[in-house]
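Nothing in this text is a laboratory measurement; each read-out follows from the coordinates by a stated rule. Since the structure is predicted, the reported quantities are computational estimates derived from the model, not experimental observations.
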Amino acid sequence: MAKPKRAGDAPIGVDVVEGKSYYWCSCGKSSKQPFCDGSHKGSEFGPLTWKADQSKKVLQRVTQQMLSKQLKELEIDGLINRKVYQVVPPKVEYSLTDFGSSVIPVLRSLHEWNKKNGKAISNRLNKNFEEKRI
C-alpha cells in the first residue's frame, strides 16, 4: 500500500456549478485538494467523478471535535492506523489498515449503486419524511 499523505488541515468549502463535472481526489496526494491533479497515478486510487446536479457549496467544514471522534472510532474498529510523531507542533498521520483497504471495493460498489439510484433514493426519503410529518 502507498505511504499515506496528509491532505490538509480541514475540508475546504467549494462552490460548484450545475452541470459541470468535478474530479475529487481519493488518494490524499493532490496538491489541488479537494480536486484531483493526477497524483494517484501508479496507485490503486483514482479520482471520483461527480457531476453537480445544482449549484451549491459542498464539502462544508467539519469541527475538530467531530473529526477526532470519527478518527478514534475508525481506529478502534481497525480500519485505520494512527501514528503520532513526538514533535512540536504535534503531528499525527493516519493510514488505512489492510482491513480498511478491504472496504474500498465495497464503497466503490455502493458509490456506483448510488449514482444509478440516487434520485429514487432521495424521492423515497423525502416521501417518507413528509408522510411521518402528517
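Among the listed pairs Lys41/Lys83; Lys91/Lys116; Lys83/Lys116; Lys20/Lys72, give every one whose C-alpha distance is greater than 32 Å. With Cα atoms farther than 32 Å apart: Lys91/Lys116; Lys83/Lys116; Lys20/Lys72. Computed 3J(HN,Hα) for region 65-78, one whole-Hz value per residue from the Karplus formula 6.51 cos²θ - 1.76 cosθ + 1.60 where θ = phi - 60°, is 5, 5, 4, 4, 4, 5, 5, 4, 5, 5, 5, 4, 6, x, glycine and proline marked x.
In this structure, the amide hydrogen of Tyr22, modeled 1.01 Å from its nitrogen in the peptide plane, lies closer than 5 angstrom to those of Trp50, Lys51, Ala52, counting only residues at least 5 positions away or on a different chain.
Here the 3J(HN,Hα) profile of region 87-100, calculated from phi with Karplus coefficients 6.51, -1.76 and 1.60 at θ = phi - 60°, is 9, 10, x, x, 9, 9, 10, 10, 9, 6, 7, 4, 4, x Hz, Gly and Pro shown as x.
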